[in-house]
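The values are calculated or read from the model by the stated rules, or taken from the named source; none is laboratory data. What you are looking at is a predicted structure, and each value in this text was computed from that prediction instead of being measured. Here the Cβ positions follow ideal geometry from the backbone for every residue, glycine too, while neighbour counts run over all protein chains shown.
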Amino acid sequence: MTVIELDDIYKTYTESVVPVHAVNGVSVGIDKGEFTAIVGPSGCGKTTLLNMIGGLDAPTKGKIRIEGEDISRLSDKQLVDFRLHNIGFVFQAYNLIPVLTVRENIRFIMELEHRDSKEMQQRVEYLLEKLDMKDKLNVRPKYLSGGQQQRVAVARALASHPKFVLADEPTANLDSHATEVLLELMATMNKEEEMTFIFSTHDQRVMDKARRIITLEDGKVVGDAKTGI
Amino acid sequence: MRQYLKLSWRNLWRNKRRTLITVASVFLAVLLAVCMRSLQKGTYANMTSNAVRFSTGYIQIHAKGYQDNRSINNSFEKGEMLDSVLTANSNVSLSVPRLESFVLASSGNHTKGVQVTGIIPELENKMNNISGRVTDGHYLTDGYDGLLVGDGIANYLGLRVGDTMVLLGQGYHGITAAAQFPVTGIFHFPDGRMNNALVYLSLHNARNLFAAPDLTTSMSLLLHDPARQQATVEQLRQALDSNQWEVLNWQTLNKELTQEIAGDNAGGIIMLFILYVVIAFGVFGTMLMMTMERSKEFAVMIAIGMRRSQLAILLFFETVFIGLLGISSGVAVALPVLLYFKINPVKITGTAAEMFIQFGLEPIMPASLDPYIFVNQGITVFLISFAASIYPLMYIGRFKILGALKK
């Protein structure tokens with residue numbers, strides 16, 4: 001079942017003297033439970049596409065429907081609520097909240113959703129167990145390595161059981177072990193909780209785990225293939 | 001709510017030095033503002049108290065027209081009706097009759113114009129504790145044939161206790177008023193003008209001097225609750241025939257002092273305004289920096305599901321914390337200092353003291369611990385802190401998430 005539909009999407013940035021056409025007529029459908037990597041050279045429009053799917057940016061032309069809802073028609077406030085209840089974000093630069101501990105960072109989104117305290121506690125414990133970070137529960141991000149911070153960032157994105165996880169170059173700064181742990185967790189969530197994952201990546205290790213690879217070049221889809229995994 | 005408070009509090013201490021400097025600026029402003037207002041209000045209260053106790057009372061009742069024409073001919077007979085009205089009013093704590101007129105006082109070759117005030121010594125003493133102000137001799141006793149004289153007059157006329165003072169003037173309906181009295185005591189009041197102008201006689205003797213038996217020129221009233229002064233004035237006006245009586249508050253009776261306080265108060269408010277502007281810019285600078293340097297973090301929070309309004313609350317709490325820390329520490333330090341100066345008023349010396357005396361004021365500056373001062377300054381500084389956060393709050397409402405995320 002297609003849950004994300006990109007229908008002839010264009011994105012042109014006009015802030016500079018010469019307009020930049022970041023995305024040029026992309027039409028793609030993503031099914032529920034997919035584990036998809038969007039690949040391509042730098043500047044090909046991967047991040048722009050992810051941002052538009054996440055409602056952080058709006059297409060210049062075309063429609064993005066998520067579970068049948070045209071998100072370009074949502075207000076700023078509706079988009080925030082939409083992201084809160086449906087999308088988990090993982091950023092390349094971790095972007096944890098520095099004044100919160102590991103536990104508090106993971107609980108952050110669940111607290112915005114006013115989840116039950118016991119449920120939050122169980123979820124935090126489960127995720128940290130999976131990420132092998134139970135001993136870092138009360139540590140603030142600045143005392144963690146890059147790999148550990150990204151694991152917490154992924155736990156934060158997965159904590160509230162989002163339907164979709166959008167990860168922008170999540171492994172770009174990580175070593176092999178950290179990458180392995182993260183991909184393992186995401187694969188588990190994809191399988192157990194049917195979360196739909198979309199990565200933008202250059203990382204072969206991520207591509208090796210993906211079940212579908214969409215290749216972009218100059219803002220256009222130049223390849224779209226199932227990997228057979 | 002707990003999450004907002006926790007985040008705000010922790011955000012505040014991300015840059016301890018900057019937060020402490022901002023809190024210190026609020027602290028200093030509150031300390032200065034509270035101390036300044038406390039000393040001002042304390043001085044005004046002292047001025048008012050002196051004026052009220054030694055001169056007018058909070059309220060005075062005259063025969064109609066006396067305020068505009070302060071002649072003994074505009075005096076009245078205090079009957080049972082007035083007594084019953086005053087007794088019936090629950091806010092009147094003391095009513096003191098006086099008979100006042102001007103005469104020439106002389107001793108030896110010197111003569112001076114003075115105000116003779118006929119008093120019931122016991123009642124007058126309750127009102128202003130004159131007996132405690134007698135520096136030589138002793139206080140009047142009712143019926144005793146002596147007078148009390150201010151040290152300024154005594155010095156001018158070269159009088160000592162036991163000497164005789166001659167009084168000559170005009171009594172009721174033009175009758176010549178002339179008599180001589182021994183000086184029973186010499187007093188010294190905080191108001192220098194009173195020492196140079198006042199002579200006290202017992203009411204009995206004053207009535208005899210002015211040939212005004214049973215007459216009174218004013219009834220001065222003290223109140224249980226001075227804050228209800230105006231309501232009491234209205235009650236008395238309703239109870240008394242307005243064609244026969246006039247009921248006035250001390251502000252009307254002593255317009256000079258009222259204007260003096262209003263003028264000085266306005267100067268104080270201008271100083272406070274300047275102080276507040278300085279605080280506002282200090283807090284504004286900090287809040288703006290705290291907002292701008294975290295724009296990426298804010299963008300991430302919005303991206304993962306936090307509303308801009310929730311972020312604004314977060315920022316608002318940060319401002320509130322800075323304001324509260326500054327205000328509470330400022331008040332905490334100011335309180336003991338002001339308590340000390342309430343008990344031991346600042347004594348004005350030198351030229352400044354002479355100026356105070358010239359204006360009829362006691363040359364001291366006691367502090368006031370009126371809670372209104374602290375609450376008022378606290379609320380003002382709090383509102384200023386809030387106003388300083390308006391621009392950062394507006395920024396939160398309109399900044400571009402993507403631009404900030406790319407930083």
### Conditions (1) within 14 Å of another protein chain (Cβ to nearest Cβ); (2) within 21 Å of residue B:7 (Cα to Cα): number failed by residue A:83
(2)
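Can residue B:155 be described as among the polar types (S, T, N, Q), at negative phi, in a helix (DSSP H, G or I) and touching a Ser or Thr at 6+ places or on another chain (Cβ under 6 Å)? Talk me through it step by step, then tell me what you get.
Working: among the polar types (S, T, N, Q): yes; at negative phi: yes; in a helix (DSSP H, G or I): yes; touching a Ser or Thr at 6+ places or on another chain (Cβ under 6 Å): no.
No; evaluated as a whole, the condition is false for this residue.
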### Task
Scan B:83, B:68 and give me the residue that is away from chain A (no Cβ under 14 Å), of a type in the set (D, E, K, R), in a loop (DSSP other than H, G, I, E, B) and surrounded by fewer than 18 Cβ atoms within 10 Å (Cβ to Cβ).
B:68
### Message
Taking the condition of being out of contact with any helix residue (DSSP H, G or I) (no Cβ under 6 Å at 6 or more places or on another chain) and either more than 17 Å from residue B:131 (Cβ to Cβ) or not in a strand (DSSP E or B) (or both), how many residues in region B:174-190 meet it?
### Response
7
### Task
Look at residue B:362 and say whether it is closer than 23 Å to residue B:264 by Cα, within 21 Å of the chain's Cα centre (by Cα), at pLDDT below 90 and in a helix (DSSP H, G or I).
no
### Query
Residues of region A:97-138 being more than 14 Å from chain B (Cβ to nearest Cβ) and either among the hydrophobic types (A, V, I, L, M, F, W, C) or not in a helix (DSSP H, G or I) (or both), which ones?
A:102, A:116, A:124, A:127, A:128, A:131, A:132, A:133, A:137
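Only one residue in A:181, A:152, A:165 is β-branched (Val, Ile, Thr), at pLDDT 90 or above and over 13 Å from the mean Cα position of the chain (by Cα), so which one is that? Outline the logic, then answer.
On the way: A:181 fails: at pLDDT 90 or above; A:165 fails: over 13 Å from the mean Cα position of the chain (by Cα).
Only one candidate passes the filter, namely A:152.
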### Message
I'd like to check something: does region A:17-27 contain any residue that is more than 14 Å from every other protein chain (Cβ to nearest Cβ), touching an Asp or Glu at 6+ places or on another chain (Cβ under 6 Å) and outside any loop (DSSP other than H, G, I, E, B)?
### Response
yes
### Query
When residue B:164 is evaluated against the numbered criteria (1) surrounded by fewer than 15 Cβ atoms within 10 Å (Cβ to Cβ); (2) closer than 30 Å to residue B:372 by Cβ; (3) among the polar types (S, T, N, Q), which criterion, by number, is the only one it fails?
(2)
### Task
Would you please name the residue that is nearest to the chain's Cα centre (by Cα), looking only at residues in region B:261-301 that are surrounded by 15 or more Cβ atoms within 10 Å (Cβ to Cβ) and farther than 26 Å from residue B:327 by Cβ?
B:261
## Note on the structure
Of (1) farther than 24 Å from residue A:203 by Cα; (2) more than 14 Å from chain B (Cβ to nearest Cβ); (3) without any contact (Cβ under 8 Å) to a residue 40 or more places away in the chain; (4) of a type in the set (Gly, Ala, Ser), residue A:55 fails just (2)
### Message
Looking only at region B:86-106, count every residue that is among the small types (Gly, Ala, Ser), surrounded by fewer than 21 Cβ atoms within 10 Å (Cβ to Cβ) and under 27 Å from residue B:153 (Cβ atoms) and tell me the total.
### Response
1
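Tell me the residue from B:322, B:327, B:304 that is buried (at least 16 other Cβ atoms within 10 Å of the Cβ), of a type outside the set (Lys, Arg) and either without any contact (Cβ under 8 Å) to a residue 24 or more places away in the chain or within 14 Å of chain A (Cβ to nearest Cβ) (or both), please. Give the derivation first.
Details: B:322 fails: either without any contact (Cβ under 8 Å) to a residue 24 or more places away in the chain or within 14 Å of chain A (Cβ to nearest Cβ) (or both); B:327 fails: either without any contact (Cβ under 8 Å) to a residue 24 or more places away in the chain or within 14 Å of chain A (Cβ to nearest Cβ) (or both).
Among B:322, B:327, B:304, only B:304 is buried (at least 16 other Cβ atoms within 10 Å of the Cβ), of a type outside the set (Lys, Arg) and either without any contact (Cβ under 8 Å) to a residue 24 or more places away in the chain or within 14 Å of chain A (Cβ to nearest Cβ) (or both).
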### Query
Only one of B:280, B:334 is in contact (Cβ under 8 Å) with a residue 60 or more places away in the chain, small (Gly, Ala, Ser), away from chain A (no Cβ under 14 Å) and touching a Cys at 6+ places or on another chain (Cβ under 6 Å); which?
B:334
### Message
Being surrounded by fewer than 19 Cβ atoms within 10 Å (Cβ to Cβ), part of a helix (DSSP H, G or I), out of contact with any Cys (no Cβ under 9 Å at 6 or more places or on another chain) and within 14 Å of chain A (Cβ to nearest Cβ): is that true of residue B:310 here?
### Response
yes
### Message
Here are the criteria: (1) touching a strand residue (DSSP E or B) at 6+ places or on another chain (Cβ under 7 Å); (2) surrounded by 22 or more Cβ atoms within 10 Å (Cβ to Cβ); (3) within 10 Å of chain B (Cβ to nearest Cβ). Tell me which single one residue A:94 does not satisfy.
### Response
(1)
